[in-house]
1. If you take the residues in the range 162-185 that are without any contact (Cβ under 8 Å) to a residue 60 or more places away in the chain and loosely packed, with under 13 Cβ neighbours inside 10 Å, which one is farthest from LEU25 (Cα to Cα)?
2. Can you find even one residue in the range 106-120 that is aromatic (Phe, Trp, Tyr) and not assigned by TED's automatic domain parsing to the domain that holds GLN19?
3. From the residues in the range 216-243 that are closer than 21 Å to GLY290 by Cβ and in contact (Cβ under 8 Å) with a residue 40 or more places away in the chain, which one is surrounded by the most Cβ atoms within 10 Å (Cβ to Cβ)?
4. Answer yes or no as to whether ARG346 is more than 22 Å from the chain's Cα centre (by Cα) and either of a type in the set (Phe, Trp, Tyr) or outside the structural domain of SER149 (by TED's automatic domain parsing) (or both).
5. Right, ASP89: of a type outside the set (Phe, Trp, Tyr) and under 22 Å from ALA366 (Cα atoms) or not?
6. Tally up the residues in the range 23-37 that are buried (at least 19 other Cβ atoms within 10 Å of the Cβ) and not small (Gly, Ala, Ser), please.
7. Quick one: ALA335 ticks every box in (1) crowded, with 18+ Cβ neighbours inside 10 Å; (2) not in a helix (DSSP H, G or I) bar one, so which box is it?
8. Hey, could you check the range 147-161 for residues that are surrounded by fewer than 21 Cβ atoms within 10 Å (Cβ to Cβ) and out of contact with any strand residue (DSSP E or B) (no Cβ under 7 Å at 6 or more places or on another chain) and say which is nearest to LEU28 (Cα to Cα)?
Amino acid sequence: MKIGFSTTVIQRGKTGVAQYVFALLRALRSRLGQHQYFLFVLEEDLPLFAFLEGSMTLVPVPEKYRPAVKNILWHQLHLPALARKLGLDVLHIPSYRRLLWRKPCPLIATIHDLAPFHVTGKYDWKRMIYGRVIVKRLAARQDEIIAVSENTARDLGTCFGLGRDRVTVIWNGIDHQRFQPGDMAAAKAVIAERWKLDRPFFLYVSRLEHPGKNHVHLIEAFNRFKAETKSDWLLAFGGSDWHGAEAIHAAVKASPYAADIRPLGFVDDPSLPGLYHATDVFVYPSLFEGFGFPPIEAMASGCPVISSTRGSLREVVADAALTIDPENPTELAAALKLMATDPAERARWRTAGFINARRFDWGQNADQTLALYQQAVDKRNRR
């Protein structure tokens, strides 16, 4: 098969969609067989795909098409022609934000979540309308849709009216070579020097997005935890500023424990495993997730996890995390206190999480995705 893959929604590699794209393509690279891949990549993103040179064809997309509206227009007006010119058998768009209307070949879409239907104010009004109205019509045009969780599949039925015959659930994976338990003492030495995290700390890895990622409630819970325990524990945020980040920074500044809250900024891929190894407790209080990579990465790395169960998180973390109501700071503060003061509790969740993380594998994801490509091509041929 000649397989096309759009990568232009990776936001310079700093989002969950980017991690999905990189990991899936790595797994597909080991399954090339007779398949040819054509990756459509924004010019300044080409170095991010250097690991695929020689195995997949990188098709540069001019930088002028990076802004969202122009990128949407490129997908609708230029990509179909490119697909026909290259003779693609199937084209995969890995985000609902860029689904195609025209069908130059069978279309595969990955939909990670329908957050605009669940989180008020997650985006500005234009993006909310696009996500709720335009994407619904575009989704109906796709030949096959991958949902990354059962929760997202249910939402596609409820919100978009898509039958389960149109949707295939393929769980995301974990790179178990990158994310595995490591030397905590050695990692802590490195992290203390780089980020001044020289005491026990809670870690939250997520873009700084308000209200969806719920940093403000976590800060409130941390304030209560500190007031009640007089503990020296720190709270670290790993992630880039995003929509509403100013509210998070304001909450940090207003905290009486601001000196113990450390925004780390974007944590690059090579640094992330070591950060997990140094982490005492990982916290993930998101208000909604279509999947949720970080808590599973943390579990695979040997971190005990406190997690919300909103969206897909209940099915992903299962019974392997200490779960909380993310909008109840009192409950969240109690969970922080329990984990910080009870080593046996941390050990319990560390073991449960590590076992749970084994369920998620990119090799299985790639095999199922390739089978779906073939299914779409076979359906077209029968027609």
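1. Ranking the qualifying residues of the range 162-185, first place goes to ALA185.
2. No, the range 106-120 contains no residue that is aromatic (Phe, Trp, Tyr) and not assigned by TED's automatic domain parsing to the domain that holds GLN19.
3. The selected residue is LEU218.
4. yes
5. yes
6. Qualifying residue count for the region: 4.
7. (2)
8. Selected residue: ARG154.
The values are calculated or read from the model by the stated rules, or taken from the named source; none is laboratory data. Computed from a predicted model, the values in this text were never measured in an experiment. Positions of Cβ are generated from backbone atoms using ideal geometry, with glycine treated the same way; all protein chains shown enter the neighbour counts.
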